[in-house]
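Q: First the structure, then my questions, so here it is.
The values are calculated or read from the model by the stated rules, or taken from the named source; none is laboratory data. Note that the structure is predicted; figures quoted are calculated from it, not measured. No Cβ is skipped: glycine too gets one built from the backbone with ideal geometry, and neighbour counts run over all protein chains shown.
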């Protein structure tokens, strides 16, 4: 048995040497390596709603500061992934904020939850309701959950505002007594009273024109339904404008400058393929001005930045979805900008009534802008921006679109009484770099010759000699 094992061992050894195989080559490869850049840092933020108020001096007993600032629903992120063993250490921090600013600080409503790598890595807070009674009618909030979570390669946070009522005219302009406040209320009411007859005359003219168009379109015509819808819309807008005027003049406590529904903010920082990606998003489902006189739907603000540290590997995009605006009912759509409100013409009407209907809309548009302008309500949309270092792929940054609602001070039109900002600070930036590659060339002076293949004949000859020797020994042993 020993002789047999010895023979087999000799044959295997000889075969291995003759074929030039390396047994070490069959060692399995190590664990898979992450595709994330060796170093990256991402910074994000997304603020849904910001409100700044510059009120006249109010009696101390009201507890309302003259200058107020509040940010509602926001998220931030800051993450560093570093395997270079030099520079900023690996870290990750994500926050989700309900509210901040001197108003919420004073009322005890400010709240932020934080998640950090190596600490509390998953933080959460359930929603809550804040009654307008606790904020002197300035804010009423129904807040959804707040979330913040980090990991070794991830960073994310989200916040949700279910609905809010901002700047009740009664609380803002007339709920308290005082010289400056009384003067402010009286000024607003005088301004509205001055345009009341003009606006109502315009509204009546618009209604008359649309009613005339209805009479000109046969009932069986496809255009009849369109004209009927326009007639209903104009009547609805007329009723709303009249209601707003009456509320300002007689019952301002029932009118809110702004109400919003379903606003969300999210941010995320994480590897994406062989790059690092940072995103920030703000989404608004519904915003109403002056108790629904003007409805803004679908505003969005987004920022995205990607970098991998290689040429051509950086990209950034900041953008938004320009608000869809409806007046009265969805049949009338409009654009809102610094020039005011522009109603779109209604398509699909026969030539005989098209000019009449669209002329009525132009009259209605003028009436609406008169009311908005008298109340000092102005709107502004700002496009998003982006910047990427495509030459090196090491850095990218973006800022999402913004939307502003400004209410001018009737006592000082050059200054804003209130500024409401949507999507301010929706930003994302990222930097990335590769590890420096260190090459170790073979050095003959260290006794390690390069493998050129010139020694293969020698190895083959040695293997052949061993095979011949093994055959000779086998013959001698079997003799």
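Q: Select from the range 102-112 the residues that are surrounded by fewer than 21 Cβ atoms within 10 Å (Cβ to Cβ) and under 24 Å from residue 149 (Cα atoms) and list them in ascending order.
A: Across the range 102-112, the qualifying residues are 110, 111, 112.
Q: Turning to a different aspect of this structure: Which condition breaks for residue 146 when tested against (1) without any contact (Cβ under 8 Å) to a residue 40 or more places away in the chain; (2) assigned to a strand (DSSP E or B)?
A: (1)
Q: So which of 167, 184, 173 ends up being crowded, with 20+ Cβ neighbours inside 10 Å, assigned to a strand (DSSP E or B) and at pLDDT below 70?
A: 167
Q: With the requirement that a residue be part of a loop (DSSP other than H, G, I, E, B) and either under 30 Å from residue 42 (Cβ atoms) or out of contact with any strand residue (DSSP E or B) (no Cβ under 9 Å at 6 or more places or on another chain) (or both), what does the range 400-410 give you?
A: Answer for the range 400-410, where residues must be part of a loop (DSSP other than H, G, I, E, B) and either under 30 Å from residue 42 (Cβ atoms) or out of contact with any strand residue (DSSP E or B) (no Cβ under 9 Å at 6 or more places or on another chain) (or both): 400, 401.
Q: While we're looking at this one, here's another question. Tell me which residues, restricted to the range 384-399, are under 22 Å from residue 75 (Cβ atoms) and in a loop (DSSP other than H, G, I, E, B).
A: Residue satisfying the conditions is 384 alone.
Q: Next question. Tell me which strands (runs of 3 or more DSSP E) are completely within the range 231-301 and hold 1 or more residues being touching a strand residue (DSSP E or B) at 6+ places or on another chain (Cβ under 9 Å), farther than 30 Å from residue 207 by Cβ and modelled with pLDDT of 75 or more, or say none if there are none.
A: Those strands (runs of 3 or more DSSP E) span 256-272, 275-289.
Q: Identify, from the list 441, 450, the residue that is part of a loop (DSSP other than H, G, I, E, B), closer than 30 Å to residue 37 by Cβ and at pLDDT below 75. Before you say what the answer is, go through the steps one by one.
A: Numbers: 450 fails: closer than 30 Å to residue 37 by Cβ.
Exactly one residue qualifies, and that residue is 441.
Q: Right, here's the next one. Evaluate the range 355-373: report whether one residue or more is assigned to a loop (DSSP other than H, G, I, E, B) and at pLDDT below 80.
A: Step one: filter the range 355-373 for residues assigned to a loop (DSSP other than H, G, I, E, B), giving none.
No, there is no match, as no residue in the range 355-373 is assigned to a loop (DSSP other than H, G, I, E, B) and at pLDDT below 80.
Q: Based on this model, can you work out whether residue 150 counts as surrounded by 18 or more Cβ atoms within 10 Å (Cβ to Cβ) and modelled with pLDDT under 90?
A: No.
Q: Of the residues 123, 115, which single one is under 20 Å from the mean Cα position of the chain (by Cα) and surrounded by 19 or more Cβ atoms within 10 Å (Cβ to Cβ)?
A: None of the others qualify; the one that does is 115.
Q: A further question follows. All but one of (1) over 22 Å from residue 423 (Cα atoms); (2) in contact (Cβ under 8 Å) with a residue 60 or more places away in the chain hold for residue 407; which doesn't?
A: Failed condition: (1).
Q: Of the residues that make up the range 378-399, is at least one buried (at least 22 other Cβ atoms within 10 Å of the Cβ), without any contact (Cβ under 8 Å) to a residue 60 or more places away in the chain and touching a strand residue (DSSP E or B) at 6+ places or on another chain (Cβ under 6 Å)?
A: The answer is yes, given that some residue of the range 378-399 is buried (at least 22 other Cβ atoms within 10 Å of the Cβ), without any contact (Cβ under 8 Å) to a residue 60 or more places away in the chain and touching a strand residue (DSSP E or B) at 6+ places or on another chain (Cβ under 6 Å).
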